[in-house]
1. Can residue 245 be described as modelled with pLDDT under 90, more than 20 Å from the chain's Cα centre (by Cα) and more than 16 Å from residue 159 (Cβ to Cβ)?
2. Mind counting the residues in the stretch 193-208 that are modelled with pLDDT of 70 or more and either farther than 19 Å from residue 237 by Cβ or surrounded by fewer than 13 Cβ atoms within 10 Å (Cβ to Cβ) (or both)?
3. For the structure I just gave you, tell me whether residue 90 is under 25 Å from residue 26 (Cβ atoms) and either under 21 Å from the mean Cα position of the chain (by Cα) or at pLDDT 95 or above (or both).
4. For residues that are surrounded by 14 or more Cβ atoms within 10 Å (Cβ to Cβ) and charged (D, E, K, R), scanning just the stretch 112-133, find the one that is modelled with the lowest pLDDT.
5. Do you know which of the residues in the stretch 312-338 that are modelled with pLDDT under 95 and within 22 Å of the chain's Cα centre (by Cα) is farthest from residue 144 (Cα to Cα)?
6. Cβ contacts < 7 Å: first residue aromatic (Phe, Trp, Tyr), restricted to the stretch 68-90; second residue surrounded by 11 or more Cβ atoms within 10 Å (Cβ to Cβ) and in a loop (DSSP other than H, G, I, E, B), any location; separation 6+ or different chain. Result?
7. Does residue 292 meet the test of being over 20 Å from residue 82 (Cβ atoms), touching a strand residue (DSSP E or B) at 6+ places or on another chain (Cβ under 9 Å) and hydrophobic (A, V, I, L, M, F, W, C)?
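The values are calculated or read from the model by the stated rules, or taken from the named source; none is laboratory data. The model shown is predicted, which means the values in this text are computed figures rather than measured ones. Cβ coordinates were reconstructed from backbone atoms using ideal geometry, including for glycine residues, and neighbour counts include every protein chain displayed.
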Amino acid sequence: MHVVLDFDGTITVDDTIEQLASYAVAFQEAQDAKICSERKGSGQEGEWEARWTGIVEQYLADHRAHKAGYTPSEAARTTLEHELQFLNSLNCVERKSIYRLRDARLFAGMTPEDLYQGGCQAVQRGQDCENQDRKNVVRLRLGFATFLEQVSRQRKWPVSVVSVNWSDAWIRGVLQADDSESKGTAIRVFANKVTASGAIIPNFPRRTAPANHDLEDDDIAPFSTCSDKAEALDEAVAASARSQPEQPAAVVYMGDSMTDVECLMQAGLNKDGGGGGIVMADGDGPVTSKLIQTLVRLGYAVPHVSEAQQFQRPRRADEGDIPRLAWARDFEEILASKILDEPTEATNA
């Protein structure tokens, strides 16, 4: 089994984009202060924070306008095809915002090591129970370390992260992981990355990029939508197959947001069985999760992992094209449910 995880809101308790941006703002302010000190001048306090706030406000306005003007409306979208068309139509909104980040130079001059250390520091602050400043902390979902120990180290399953986050180095810092497989527990990260100029581009070759295109070129389109994420999932599966050809092709995908719809369905519809999709949700999932509500609106059952059948069971003829989906609050619930375990004879009966 190949375990593929979304990052923000799945591995972490909350989305970490605000924390990543706050780290970049602090970095740029420190750089400005250093320059001003050397020149014995004074900088504009709050300038970087204002740039970031403006980007957020413009993004939210664009998103609201796009959603309001899109047809068919949410209530009228009752098929997976309709929903994916809407989700991928947000491409213009997402990329416009990412290009604003590039033009604002919020991440300019930041190295992968800077971003890695920022991720490390954020999750370390999150481990401090007295630290309530959510703007600067990242917390991992309950049971993630134990889950990783079981699936990666004990079961020897490959683990990948697929994320529309802006920085693969930031993700690795939060996970305190790297690209090395020397420890036998490498987590491959398929996400965007920050270039020296502050541009945000994918850290793997896109299908649409010319064969001779330099991956460092700032004009490569970032990936940010549902179908972009599905492309990254395909790349993750292909990379795993190249390094571990003996591993079964089944994938279990875990995600929490609307950008995960296509990946969840792709994993849940594995014709050979053995895979599935798990939605991460807080509280009473069907009530609190927009993603679960959308899947139910499209006609799919999303039981809690404690009530779902095991993913590794053989697919029955009467299942047809019904995707194997479930939801959980955290990784402890997933492990306790045994949904990823091999079924016993009694389970198959």
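1. So residue 245 fits the description; yes.
2. Of the residues in the stretch 193-208, 10 are modelled with pLDDT of 70 or more and either farther than 19 Å from residue 237 by Cβ or surrounded by fewer than 13 Cβ atoms within 10 Å (Cβ to Cβ) (or both).
3. Answer is no for this residue.
4. Let us first name the residues in the stretch 112-133 that are surrounded by 14 or more Cβ atoms within 10 Å (Cβ to Cβ), namely 112, 114-126.
If we keep only those that are charged (D, E, K, R) too, we end up with 114, 125.
Details: 114: 96, 125: 87.
Only one residue tops the list, namely 125.
5. Checking each candidate, the answer is 323.
6. Pairs that qualify, where the first residue is aromatic (Phe, Trp, Tyr) and the partner is surrounded by 11 or more Cβ atoms within 10 Å (Cβ to Cβ) and in a loop (DSSP other than H, G, I, E, B), are 86/70; 86/77.
7. On the way: over 20 Å from residue 82 (Cβ atoms): no; touching a strand residue (DSSP E or B) at 6+ places or on another chain (Cβ under 9 Å): yes; hydrophobic (A, V, I, L, M, F, W, C): yes.
No; evaluated as a whole, the condition is false for this residue.
Residue by residue, here is whether (1) modelled with pLDDT of 95 or more; (2) of a type in the set (A, V, I, L, M, F, W, C); (3) within 19 Å of residue 167 (Cα to Cα) holds:
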site: 31; (1), (2), (3): no, no, no
site: 35; (1), (2), (3): no, yes, no
site: 38; (1), (2), (3): no, no, no
site: 45; (1), (2), (3): no, no, no
site: 62; (1), (2), (3): yes, no, no
